[in-house]
Each structure stands twice: as structure tokens, then as C-alpha cells.
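Written below as C-alpha cells is the structure these notes are about.
The values are calculated or read from the model by the stated rules, or taken from the named source; none is laboratory data. All values derive from a computational prediction rather than experimental measurement. Here the Cβ positions follow ideal geometry from the backbone for every residue, glycine too, while neighbour counts run over all protein chains shown. Each accessible area value is taken on the protein alone, full model and side chains, heavy atoms only, with ligands, DNA and RNA left out. Shrake-Rupley method; radii C 1.70, N 1.55, O 1.52, S 1.80 Å.
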Amino acid sequence: MMKRLIALLLAGVMAFALCACKTSEPAPTDPPATDAPTDAPATDAPTDAPTEPSAEPTEIEFWTFQDLHVEFYEKMAEKWNEENPNEPIKLVPTVYPFDDMHNKLLIALQSGVGAPDLVDIEIGKYANFLKGDVQLMPLNDIVEPELDNIVKARVDIYSKDNNYYGICFHVGAAVIYYNTELCKLAGVDYENINTWDEYYEAGKKLKAADPDKYWTSVETSDIWHLWPMVAELGGDMVSSDGKPSIDSPAMAQALEFNRKLVDEGIAVVAPGNYFHAEEFYGLMNSGAIGSIVMPMWYMDRFTDYMPDLAGKIAIEPLPVWEAGQSRSVGQGGTGTSITAQCDNPELTKKFLAFAKLSAEGNIEIWNTMGFDPIRTEVWSMPEVTQSTNKFTDYYVDSPFDVLTQIKDEILPHNVNEALPATLDAMKNSVLNRVYTESNPDIPAILAEEQAKIQY
Amino acid sequence: MGLKKNAAAVTKEPKAAAPKPGKERTNSLLYSQKLAPYLFVAPFVLVFAIFYIYPVISSIIMSFQEVIPGQTHFIGLTNYKRLFNGDLGQAVLNSVIYTLLSCAVVVPVPMLLAVFLNSKKMVGKNIFRSVFFLPALVSIVVAGLTFRLIFGEMPTALLNNVLSNFGIKPIKWLGGPAQWTTFFALLVLCCWRWTGVNIMYYLAGLQNISVELYESAEIDGANAWQQFRSITVPLLKPTFTYVLTISIYGGLAMFLESYMLFNGNRSPGGAGLTIVGYLYRLGWEQANFGFGCAVGICLLVATLTINLVQLKISGFFKKE
């Protein structure tokens, strides 16, 4: 008798606990509305048109890891509501820390519940979301009509089996940033550096002029400085058939070149190990480094973290190994995707196309975030070229001049399931060994490390 | 024995008092002493079952699977076989060295400090207790960030700046060519954070030791050292065992400290890679949940074995 009662009671408590779990589940979706400081305009929009009884705003839940992205999407939602009073939307954004957001999304998609409608996924993590049955919605019907107007590589990197799943914010074209003051000191005309050999000679000149300065810097725990040098030679981190490909002559050639620069004191290993470390910002800002290879989205790191270099930094196309090679590669990026759990896929798609593919959206991307937008026609539009913002104030030349020059030379790189593990190997082991071990046998290191990569 | 008697007395009582059978039943249920313990432990049992037992079983199953959306399938021992040619060896080595070093410092030192703080002669006891405990209240994220800047490799970073006054050249502390610098930074962070917590455990243990023992020892002519060796140390043994157990576990499960010091789960040459860091890399950063689970299960088995052996040696399982 007693046993039965106890069992009953326990079952009751358990049922109660489960109910509690269930009721608390929608909680994460509720608070964002109150969290988001700029939510007000989105909610205002539908109240402006009370005469439209049918136009109940559709909620679109959006996750990101970047405040700036929310600012951009909210501006676009406002514009959307102005232009489409019949189909108003209400953007419900949530900003999570970088790792947190990707981890939560991974779990939500793996388990089939709790994912948002719209989500920003960073390129380094994207391959994780292309595994198995892809839990994102193909965007072919909005992407394919625009393929001729955009940099195709920026949607290719988010595709699998001919389906496009994400749209990038920017081209992320790799360029080179010169400290014009040090170029002057070395007597180097940075506009006329066309090959890596000339680049190396310029470094020697700077070293001769001032041995305490460095011509460039290399990262031991990141790959941005290296990737375009390898891409110019036709190399890549992973092959198109989904295998690590760091054990290649292209990779060895680029690494050997960099190592030579380090050995001769022309290049310094980035303090803090990569170009996003506080120590590196400090050294660069002090004017000790003549140039770095980074994608265009690094522009805002200069303006925000290296204020002393204002008016001294020039953006130029990359040197090449041999004339005729492509001078850039699209790097990094964040693809906005629609999850398979989206409630209103058609409307969300239309909004995404409006925000990310339209000229209006692409102009806003430059104005809000300072990114090089993927729609090429806007690069020469006066709304972009003649706008003034913190970037135009900071740099000695216009990034769009460079972009227009290299427009047809921006190479894509492969993104597949082997990429996260390959990048981990590069960041944790390969680069550190190549740049810091004494007399490294670079091809041997590459072969050895590639064999260890598990994906 | 006494409790049983008591229970019988209580259950008898309502029977005599309640005239209606229905009410009697609810009353006997409400006041039932047999049921009460189950009710009181139910929240813990449920939480434990849902948030600990279930995930552990689920991880064991997942460690034999390739977990991908819509296509999860069993792959036998593949995940475990793959463990041996990855970076697990380095991760285990780092974790073990860190555990040994941290236990060597964080277990005995707080004991001595606690004895001082417990002494009647100690001046400003409460201030010291608060100061030692303060770091435990600081978020590890904030602490890690601060320590990363202290241990910066530039000559202008705090520690290098101080050392330069003694003519020591700037050292690349985090992930530098010498392995010890990384462990030193991790250990400083560990001591800073855990000394106060362990002092609290020891203080609680010390306050359970009866004062009469010391008094009688004093009358017998024992000096302070003899009192410490023959009274304090043996009677602190349960606390010591507890602190050692959680320190071993804490050392092997260390992740966040390294993650924060290195500004992410990466470090030159894997200098700061720990077992949990490796698990995080495989499971989350590479979305390889099955492989990650296999690492987790290995960590569980290793920690459990080490702790059981250590508890066995310390006589924890002996009946009192």
C-alpha cells in the first residue's frame, strides 16, 4: 500500500517537474524582446498603420553574436515595414556571446527544437552546420536570380550539394594595410609593390633604415595573414573533395617565405599570437610595423583599437608571386541563414533577400558596419563612395578604389566539414612550429600535421 | 532504534484522534514518517537523475555513435580508437601536470594559513579571512582576462615590467618556448582563486576540534608544533581528504582558466590544452559529439579511478 503511494507521489512530482521544464522552455524567446534596446522602432512600425487590420506583424526571431548586426537588421526591418505595409514583420533579436550562440544553435538544430527563424553563423563554424541532413533552409530561389550581381564566392562558401544556405555580409577581400609613415622612412613606394619579392626588398630597406622597426608581422595562432598567400598559388586549407590539404607545395612556399622574413627580422611574430590580441594592437599602434595582410573587415580594428595610426594607413591590393595571379581571396564572413524550424520561411526569405541582396541593403551594410558589401554595383554608387564615416576619415585612400581594381580577382576558398579541424591544427600547432622552431623542415612538418588531423 | 520507537508513537497518534476514515488516511499520509524521507530526498534524486544520470548514460551511448543531424548511427569503437592518434596524449599530460602541481600547492598551503587564521594570537583574523576568500567571488572570466594582461609578453605588461627592474628580460609567459612559464601562469591563477575556498574548508574542520584537547596537551607540556602534529593534523584528516578529492577533480577538469588566459581554446603548440579543452574542441568547435563524448567518458573513468584509489588509501571507506 505504502509503496504504491510512494510510487504515485514520485510520479506526481516527476510529472510536475516535467511540466515545469515545459513551461519554462519558451522563456529564452521571451526576454529578448525586453533585452533589445532598439526594439522600439520595430514595434512602432505596425502601430503606425492601424488602418490595416489584416497586417498583423509576423515575428522573426533572430540570433546573432554581434551587436552591430542587430543594428543593421533593425534598420532593414524598419525599411521593410515602410515598403511592405501588407506584410509587416517584427524582428526579435538576441545577441549571445560568440561560442555560446553557435553552441546553442548546434544543440537546437541537433535536437530539433528551440532554434530561431533567422541566424548569423560565422564561416569558421559554418561547416559544422552542413553535416548530415542540413538543418538550414536552402535559399536558392532568392540567391540564384542575383548571382550575376553579387560576388558569387560569398554564397558558394555557404553551400552544399548545389544548395545555398547562407548569404554573407561582406566580401572580406584580403588586402594589405601599409603604414605610410614607415614606407616613407624606408623610401618605399607602396603603390608600386607588385610581387612578394618586391615586398621582401622593401622590408630589407626598412630594416636598413631603422633596425627597430618591422616590415610585417605573422600570426602563430591564426591564419588570416597566410591564407591569401597560399590561395594565390592555387593552394587551400581543404581540398574541394573535403580533405585537409595543408601538405601542399603552395603552403610550403608561403610558409618558407614568411619564415625567411622572420629569420631576417623583417617580420615579427605577432605578440599575443594573432592580430586580434591586445598586445598586437599595442605594437601596431605604436608604429613599429610597416604592413599587415588582413581582410577588409579588419578596417574597424584599426579605427577602434589603433587610433594613433589615423591618417597613416593605406589599403592596397596584395602583391603576387608571379604576374597574372589573382590578388585577393574572400576571407572570413558571417552567413545569415534560415533554420529548418522557421515558422514563416517564405516571408523570412523575402526579408533576408531584401536585407542582404538588395542594393539598399548593401549600402546599409557599408554605412552601418563599414564592410565591403557583396553586391558589386554599389561599390561605385555615390551613396557609398561619397559617404563619410569613421572609415573614410581614417584611411588615406578609399577601400572601394581597391575593391574595384581587384573585383574579378577575389578567389573563393573551400568550406567543408574538414575545415574546422584543419584550422584548429593550423592555429594550435602548425604555425607555431613553423615560425618558432629552430631550423624547421617545413614540408615534413606539414606532412606530419596533416596526417594527424581528424575530422 | 530510538527513532523507530518514536515513529511508531507518532503514527499511532492520529489513528486515535481521527474519527473519519478518509481524513484519517490523508492525515496518516501527511504525517507518515516512512514517506517523509522519500519526499525530502525526491528533489535531489530527480535533479540528479535528470541532469546527471541521464546525461552520463546518454554520453556513453553517444560515444559509440557518429552524431549528426538526421543521420546518427552506431560506429562501434571507432571514436575510442581515434582517441589514440589525436592530441589527447598532450591534453592528458598537461592536465596531469597541472593537477599534480596545483594539488602540491593548493592542498597544504591553505591548511597552514587556516591554522594561523584560527589561532587566538592572530591579529586582524576577519580581515584576512575576507581578503583570502575574495578571489573566489570574482568571475573566472574577469580574472582570466586580468591575468592574461598581467602575463602579457610585451615589456610593458605588468609582470615583465616589474621583472625588468631586476634586470630580467621580458618573458613570453603564455605559450612561450619554455613549458614552465605557461604552467606557472596557470598555477598562479589557480592559487589566487582556490586558496581562500580551501581555507574555508579547513577553518570549518578546525573549529570542530575540541579546545579541551589542546588545553590538556598544553598541561602535559606539548609545544605548538607537537600540538599541530598530534592533534590538528590527524583530526583534520577528513577535511584534508575532501579538499584533496575536489582539488584532483578540479585539476583534471580545468578548462576555463586556460580558455581565458589564451583568449580562446587555442594556445601555441597546445601549451594550454587540457582534457576538457580537447573535449570542447571536438564536441563543440568541430561538432563531433560522438568523439567528444568518448573523451568525456575517458575523463570520467580516469577521475573516478584516481579519486577512488586516493579515497581508499586515505581510509575513507573504512567503517568508523
Residue set B:L273, B:L244, B:L261; condition surrounded by 22 or more Cβ atoms within 10 Å (Cβ to Cβ), in contact with a helix residue (DSSP H, G or I) (Cβ under 9 Å, 6 or more places away or on another chain), closer than 23 Å to B:V188 by Cα and more than 10 Å from every other protein chain (Cβ to nearest Cβ); output residue B:L261
request  = Looking only at the range A:387-408, decide whether some residue is within 10 Å of chain B (Cβ to nearest Cβ), open to solvent by 70 Å² or more (accessible area, probe 1.4 Å) and under 20 Å from A:Q331 (Cβ atoms).
outcome  = no
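Which helices (runs of 4 or more DSSP H) does the range A:262-371 wholly contain that include 1 or more residues that are among the small types (G, A, S) and touching a Gly at 6+ places or on another chain (Cβ under 9 Å)? Steps first, answer last, please.
Numbers: elements: A:278-285, A:299-305, A:345-356, A:359-369.
Answer list for the range A:262-371: A:278-285, A:345-356.
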All conditions in (1) hydrophobic (A, V, I, L, M, F, W, C); (2) at pLDDT 95 or above; (3) farther than 15 Å from A:W196 by Cβ; (4) out of contact with any strand residue (DSSP E or B) (no Cβ under 8 Å at 6 or more places or on another chain) are true of A:I289 except (4)
For A:D372, the lone unmet condition from (1) open to solvent by 10 Å² or more (accessible area, probe 1.4 Å); (2) under 18 Å from A:Y298 (Cα atoms); (3) not aliphatic (A, V, I, L, M) is (1)
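Within the range B:177-189, can one find any residue that is in the same structural domain as B:G144 (by TED's automatic domain parsing) and in a loop (DSSP other than H, G, I, E, B)?
So the first thing to find is which residues in the range B:177-189 are in the same structural domain as B:G144 (by TED's automatic domain parsing), and the list is B:177-189.
Narrowing further to those that are in a loop (DSSP other than H, G, I, E, B): B:177-178.
Looking through the range B:177-189, at least one residue is in the same structural domain as B:G144 (by TED's automatic domain parsing) and in a loop (DSSP other than H, G, I, E, B).
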Those residues of the range B:204-220 which are out of contact with any helix residue (DSSP H, G or I) (no Cβ under 9 Å at 6 or more places or on another chain), open to solvent by 60 Å² or more (accessible area, probe 1.4 Å) and more than 17 Å from B:L117 (Cβ to Cβ) amount to B:E212, B:E215, B:I219, B:D220
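Run down B:G296, B:G251, B:G292 and say which single residue is open to solvent by less than 30 Å² (accessible area, probe 1.4 Å), of a type outside the set (A, V, I, L, M), touching a helix residue (DSSP H, G or I) at 6+ places or on another chain (Cβ under 9 Å) and within 14 Å of chain A (Cβ to nearest Cβ). Please lay out each step first, then the result.
Numbers: B:G296 fails: within 14 Å of chain A (Cβ to nearest Cβ); B:G251 fails: within 14 Å of chain A (Cβ to nearest Cβ).
B:G292 is the lone residue from the list that is open to solvent by less than 30 Å² (accessible area, probe 1.4 Å), of a type outside the set (A, V, I, L, M), touching a helix residue (DSSP H, G or I) at 6+ places or on another chain (Cβ under 9 Å) and within 14 Å of chain A (Cβ to nearest Cβ).
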Filtering the range B:70-98 for residues that are among the hydroxyl-bearing types (S, T, Y) and at pLDDT 90 or above leaves a count of 3
Residues of the range B:187-242 being over 20 Å from B:G315 (Cα atoms), aliphatic (A, V, I, L, M), touching a Phe, Trp or Tyr at 6+ places or on another chain (Cβ under 9 Å) and in contact (Cβ under 8 Å) with a residue 12 or more places away in the chain, in sequence order, are B:L187, B:V188, B:L189, B:V197, B:I199, B:M200
B:K318 vs (1) farther than 29 Å from B:I60 by Cα; (2) modelled with pLDDT of 90 or more; (3) open to solvent by 50 Å² or more (accessible area, probe 1.4 Å): all pass except (2)
Restricting the range A:263-315 to residues that are open to solvent by 10 Å² or more (accessible area, probe 1.4 Å) and among the hydroxyl-bearing types (S, T, Y), the one farthest from the chain's Cα centre (by Cα) turns out to be A:S286
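When residues of the range A:375-385 are filtered for being in contact with a helix residue (DSSP H, G or I) (Cβ under 9 Å, 6 or more places away or on another chain) and either open to solvent by 30 Å² or more (accessible area, probe 1.4 Å) or free of Cβ contacts under 8 Å to residues at least 24 places away in the same chain (or both), how many remain? Steps first, answer last, please.
Step one: list which residues in the range A:375-385 are in contact with a helix residue (DSSP H, G or I) (Cβ under 9 Å, 6 or more places away or on another chain), which gives A:375-381, A:383-385.
From what's left, either open to solvent by 30 Å² or more (accessible area, probe 1.4 Å) or free of Cβ contacts under 8 Å to residues at least 24 places away in the same chain (or both): A:377-378, A:380-381, A:383-385.
Residues in the range A:375-385 being in contact with a helix residue (DSSP H, G or I) (Cβ under 9 Å, 6 or more places away or on another chain) and either open to solvent by 30 Å² or more (accessible area, probe 1.4 Å) or free of Cβ contacts under 8 Å to residues at least 24 places away in the same chain (or both): 7 in total.
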Listed by first then second residue, the pairs whose first member lies in the range A:431-455 and is facing chain B (nearest Cβ under 8 Å) and over 20 Å from A:F257 (Cβ atoms), whose partner is aromatic (F, W, Y) and outside any loop (DSSP other than H, G, I, E, B), with beta carbons under 9 Å and at least 6 positions apart or on separate chains, are A:Q454/B:F291
Item to complete: Inspect the range B:78-88 for any residue being in contact (Cβ under 8 Å) with a residue 24 or more places away in the chain, away from every other protein chain (no Cβ under 11 Å) and not aromatic (F, W, Y) and give the result as yes or no.
Response: no
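Condition check ((1) of a type in the set (G, A, S); (2) away from chain B (no Cβ under 14 Å); (3) under 26 Å from B:L261 (Cβ atoms)) across all residues:
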position: A:V268; (1), (2), (3): no, no, yes
position: A:F275; (1), (2), (3): no, no, yes
position: A:P307; (1), (2), (3): no, yes, no
position: A:I315; (1), (2), (3): no, yes, no
position: A:G332; (1), (2), (3): yes, yes, yes
position: A:C342; (1), (2), (3): no, yes, no
position: A:E346; (1), (2), (3): no, yes, no
